[in-house]
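Have a look at the structure below before the remarks.
The values are calculated or read from the model by the stated rules, or taken from the named source; none is laboratory data. Everything quoted here is computed from the prediction, not taken from an experiment. Every residue, glycine among them, receives a Cβ derived from its backbone with ideal geometry; neighbour counts consider all protein chains shown. Ligands, DNA and RNA are stripped out before the accessible areas are found, and what is left, the full protein with its side chains, is counted by its heavy atoms. Shrake-Rupley method; radii C 1.70, N 1.55, O 1.52, S 1.80 Å.
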Amino acid sequence: MYRVGRYLLLLLFSGFSALLQAQQKFTLSGYVSDSASSESISGAVVSLQSAGVRSDGVSVATNSYGFFSITLNKGNYQVITKAPGYVASEMAVNLDTHFSRNISLLKQSVGLGEVRISANRNDNVRKIDISAQNINSQTIKKIPAFLGEADVIKAVQLLPGVSTVGEGATGFNVRGGGIDQNLVLMDEAPIFNSAHLFGFFSIFNPDGVKDVQLVKGGIPAQYGGRLSSTLDVRMKEGNKKQFQANGGVGTIFSRLTLEGPVVKNKASFMVAGRRSYIDALAKPFLNSNLSGSQFYFYDLATKINYSRGRDHYYVSGYFGDDAFSAPNAFGVKWGNSTVTARWNHVFNKKLFSNFTYYYSRYRYDIEFKNRDLSFNWKSFIVNNSAKVDFNYYLTPKHQLTFGSHTTYYIFKPGSAVATSKKGEFNFSLPDKYALENAVYVGNEFNPSGKFSYRLGLRMSSWYYLGKGKAYYFDYAATPNGRKILNNTRDYGAGETIAAYINPEPRFGFKYQLNNASSVKGGYNRMVQNLHLISNTSASVPFDVWQPTTNNIKPEKADQYTIGYFHNFGSSGNDFEASFETYYKSLQNQVDYVDGADLLLNELLEGELLNGKGRAYGAEFYIRKSSGNLSGWISYTLSRSERLVEGINNYGWFPMRFDRLHNLYVVMQYKLTDKWEASANFVYSSGTPTTFYSNQYNVQGYIVPDISSNARNNVRNPDYHRLDVSATYIKRKSKKWEKSWVFSVYNAYNRRNPFSIYFATNYQAQDINQAIRYSVIGSFVPAVSYNFKWN
């Protein structure tokens, strides 16, 4: 704690020393927005140059809400504002007093084929951020996708350091982490399952998405709670100037997004909805016994905002479900619900604040029934959270961020009831409760010179609370799990069962080699107190979220990253390239004994094991973001391994999602004003799996046996796939535009194996067959129609 105190004092001293130097100067502050819709623009760069002097000057980037503040000596300046996809704005100011000035940018008239990923021109080398990529909705819509439907998560899976275990798998893996180790946010509310239709589509409607940022390393202090990455999805605010509608009709679902002013230039709304019609298409082919079946998913995202002087108010929500059921047979339903309320307030020219409350719930219901028996199982995780974030713009070279965050969790691992002629049988597990708190402070020093850095410290605390019974298990692991001890105890409501406090230091730096090159590095410690318990090849909607308890320790990760960044081309910025290496050390990783009973098990913690992990690799990334031909190539060489007592003879073994090679090629080409072509190619090494190492004969039948205690001892064949699409665009008028998208997923008909398993051939008793299972075993053509009116 002494070292932590010294670290905190260093942050505060560096910040307040800059504050003293900033006195007797004047501040220009305001918001940057889109001139057509008045939506804020995050990541825009506002530069002030002395009048008559052409240089880089002093610049600052707008925050997530488009706000900027810059303080300089009295004088005449040129204010130049730039953002990707917009025409640069330039104006003259006489900075002789503090004043506010909002800046509107005009969108460029660019073709749909022009891909834009990074936040700003030249930010690849000039910004201090490392291991971060931004994707806007236009980029996402240009990538060929399954059944022709643009998808946020599928686009993220094509970035360096990101992978998935295969088609139909929920979520994504980042730098050797599990899918539960990614913090997925929608307007700041966490999403616990980001998939529809068992992983084929994500819950994010791209028509309602404003921008997406993935942060994999050098994570700022305001983010916490997961080990591997933060995926921050921001929804559109709504057009404050005119009504707008866009949507589409696809092979499997349709979508519609409406937005417009409530009070012109002050308040706006946005509503984005989707609904699949698998059930409607299948209905004519179902017999009478299945006439009431449900096979669909839907989602609805809404947002309303209001601006008044120094205050901006936002309320947004998401509601979505998947449903699969057949009458008198089975029923399965799962979905997310979130509500977020935010208040931005500018206290003065330098101090920006954001107050947030959010509610997030993920739940699933399972039901089986017949004439004599029914079984119903309900489960959910709910959190209520309040947070406050401050940005203090000390000087153009220093920015201080600080804030706090508190979250209350309710876990319902299972409310399960079976009913038969003999009566009702209750298998329910008790609810669990927890409280998580965090405070953070960060200081960014970003001079016009060569060296800049970012320091941060996050202090997090976790309280596992009653009401409930706490079991205590022996820490030593055995092949059958951990033995239960005799000191079981009942705790009252709100009583602390276990508590943990963890410091999470962060550090990042950039050294500018020249105008086109820089070296960046970073270190971050992350702590995670939510654990997804699963022993399937890929996560399914019915996996169990488990809190940190007296037996399950907080997961921790220390990541070190360094990289070289370079821009080149005829204009100096036609191509952006980066090469990054990383090493991640993980502690208290949750695993399970072989044959663990993970569902509706009150003594589940006794079958879980703690281990450590390591992940390391190198990422290469090059992109072209302008011209008729655009796109990117990324290649990742990586390993992800675990070491757990009681598994694999206490030797290192690869994780289920470990892939040595990942190559992604994404290309778009503008053929004419009406036609565009796109393609992406994916190649990945095969994922690990476990094959039996011995077998024995029982009455003439071969029975497989893994007596060696091996885990993930072989690999599936390599995965590769080509997707192509062609888009026809027709503009009927300035207000009306429509397009047709023709796509083929898995164009050369590759049968990529999702898994390989063994089954006994009962006709030839001495043979065990290896069966190769492919989720998508052929090419998938699709046609979709899209429209836009404003």
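When the stretch 59-95 is filtered for residues that are open to solvent by 40 Å² or more (accessible area, probe 1.4 Å) and not in a strand (DSSP E or B), the ones remaining, listed by number, are SER64, ASN73, LYS74, PRO84, VAL87, ALA88. Scanning the stretch 662-670 finds no residues that are touching a residue at least 12 places away in the same chain (Cβ under 8 Å) and not in a strand (DSSP E or B). One residue is enough: does the stretch 184-205 have a residue meeting the conditions touching a Gly at 6+ places or on another chain (Cβ under 7 Å), part of a strand (DSSP E or B), surrounded by fewer than 24 Cβ atoms within 10 Å (Cβ to Cβ) and not aliphatic (A, V, I, L, M)? Looking through the stretch 184-205, none of the residues is touching a Gly at 6+ places or on another chain (Cβ under 7 Å), part of a strand (DSSP E or B), surrounded by fewer than 24 Cβ atoms within 10 Å (Cβ to Cβ) and not aliphatic (A, V, I, L, M). Out of TYR472, TYR500, TYR491, one residue alone is surrounded by 15 or more Cβ atoms within 10 Å (Cβ to Cβ) and under 34 Å from the mean Cα position of the chain (by Cα). It is TYR500.
Any residue at all in the stretch 654-674 that is under 30 Å from LYS141 (Cβ atoms), among the basic types (Lys, Arg) and either surrounded by fewer than 16 Cβ atoms within 10 Å (Cβ to Cβ) or modelled with pLDDT under 90 (or both)?
Taking the stretch 654-674 and keeping what is under 30 Å from LYS141 (Cβ atoms), we get 657, 659, 661-674.
Okay, now just the ones that are also among the basic types (Lys, Arg), so 659, 670, 674.
So of that shortlist, the ones also either surrounded by fewer than 16 Cβ atoms within 10 Å (Cβ to Cβ) or modelled with pLDDT under 90 (or both) come out as 674.
Checked against the condition, which is being under 30 Å from LYS141 (Cβ atoms), among the basic types (Lys, Arg) and either surrounded by fewer than 16 Cβ atoms within 10 Å (Cβ to Cβ) or modelled with pLDDT under 90 (or both), the stretch 654-674 yields at least one hit.
Selection of the stretch 365-374 for residues being touching a Lys or Arg at 6+ places or on another chain (Cβ under 7 Å) and in contact (Cβ under 8 Å) with a residue 40 or more places away in the chain yields only ASP372. Among residues of the stretch 772-790 being under 27 Å from the mean Cα position of the chain (by Cα) and at pLDDT below 90, the one that is most open to solvent (accessible area, probe 1.4 Å) is VAL775. When each of GLN213, GLN242 is tested for being outside any loop (DSSP other than H, G, I, E, B), at pLDDT below 95 and of a type in the set (S, T, N, Q), the lone residue that passes is GLN213.
Applying the condition of being surrounded by fewer than 18 Cβ atoms within 10 Å (Cβ to Cβ) and either among the β-branched types (Val, Ile, Thr) or modelled with pLDDT of 95 or more (or both) to the stretch 578-609 and asking which residue is farthest from PHE411 (Cα to Cα) yields PHE579. Condition first: farther than 20 Å from ASP723 by Cα and over 13 Å from the mean Cα position of the chain (by Cα). Can you find one or more residues in the stretch 133-142 that meet it? Within the stretch 133-142, one or more residues are farther than 20 Å from ASP723 by Cα and over 13 Å from the mean Cα position of the chain (by Cα).
Residues in the stretch 514-542 that are without any contact (Cβ under 8 Å) to a residue 40 or more places away in the chain and either in contact with a Leu (Cβ under 6 Å, 6 or more places away or on another chain) or over 21 Å from LYS584 (Cβ atoms) (or both): 2 in all. Taking into account only those residues within the stretch 630-643 that are in contact with a Gly (Cβ under 8 Å, 6 or more places away or on another chain) and open to solvent by 40 Å² or more (accessible area, probe 1.4 Å), which is nearest to ILE552 (Cα to Cα)? Checking each candidate, the answer is ARG639.
Just to be sure, is ALA221 open to solvent by less than 10 Å² (accessible area, probe 1.4 Å) and outside any loop (DSSP other than H, G, I, E, B)? Step through it out loud before you land on a result.
Working: open to solvent by less than 10 Å² (accessible area, probe 1.4 Å): yes; outside any loop (DSSP other than H, G, I, E, B): no.
No, not satisfied.
PHE243 fulfils the conditions (1) of a type outside the set (S, T, N, Q); (2) under 30 Å from SER104 (Cβ atoms); (3) open to solvent by 30 Å² or more (accessible area, probe 1.4 Å); (4) free of Cβ contacts under 8 Å to residues at least 40 places away in the same chain except for a single criterion, (4).
Sort out which residues of the stretch 652-661 are in a loop (DSSP other than H, G, I, E, B) and hydrophobic (A, V, I, L, M, F, W, C), and write them in order of number. Give the derivation first.
Just the residues of the stretch 652-661 that are in a loop (DSSP other than H, G, I, E, B), to begin with: 652, 655-660.
Result: TRP652, MET655, PHE657, LEU660.
Answer yes or no as to whether PHE201 is closer than 21 Å to ASN136 by Cβ, among the aromatic types (Phe, Trp, Tyr) and over 12 Å from the mean Cα position of the chain (by Cα). Spell out the reasoning first.
Numbers: closer than 21 Å to ASN136 by Cβ: yes; among the aromatic types (Phe, Trp, Tyr): yes; over 12 Å from the mean Cα position of the chain (by Cα): yes.
In short, yes.
Contact annotation: residue pairs with Cβ atoms under 7 Å, 6 or more positions apart or on different chains, pairing a residue in the stretch 284-296 that is within 16 Å of ALA323 (Cβ to Cβ) and at pLDDT below 70 with a partner that is open to solvent by less than 60 Å² (accessible area, probe 1.4 Å) and part of a loop (DSSP other than H, G, I, E, B), are LEU286/SER293.
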